[in-house]
1. (1) over 17 Å from THR42 (Cβ atoms); (2) at pLDDT below 85; (3) surrounded by 13 or more Cβ atoms within 10 Å (Cβ to Cβ); (4) not β-branched (Val, Ile, Thr): which one isn't true of ASN98, the others all being true?
2. In the range 49-89, how many are surrounded by 13 or more Cβ atoms within 10 Å (Cβ to Cβ) and not in a strand (DSSP E or B)?
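The values are calculated or read from the model by the stated rules, or taken from the named source; none is laboratory data. These figures come from a predicted structure and were not determined experimentally. In this analysis, Cβ positions are derived from the backbone assuming ideal geometry, glycine residues included, and neighbour counts consider all displayed protein chains.
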Amino acid sequence: MKNTFRIYLSIILWLCFSNSVRAIEQPADTTQVYSARYCVNTFRDQTVSSLQSVEGCDSLIVQNVTVSGTGDLKLFAPEGVTIYGLFEVKQGGVLNINRKESLVFEFTYDAAGNRSSREIKQ
């Protein structure tokens, strides 16, 4: 009887201890919020096909980015946005740079399909 009691007591203590260790390892609420605002210094090698906002910490360097016809890209940086390399906004795509409202880019194409002019309307 005494040995059985020790075994049961050992099992109960082990269960209590193992559950408390698991509770420490796996918190009940795993949601972590670091900051409501997240900023980066570079945004590169991306294809944007939905709504995406990118905020630069001070300035923002954008390189090799394509905005698809269904994409909506918003770029903001306190000191400005610099675009290097390839950057394309396909027909129907939306681009906002340091502005709350959208800029409208109007492109004119020749008969061969080559872009002949670009005009920014506000």
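1. Checking ASN98 against (1) over 17 Å from THR42 (Cβ atoms); (2) at pLDDT below 85; (3) surrounded by 13 or more Cβ atoms within 10 Å (Cβ to Cβ); (4) not β-branched (Val, Ile, Thr), the one that fails is (1).
2. Count: 5.
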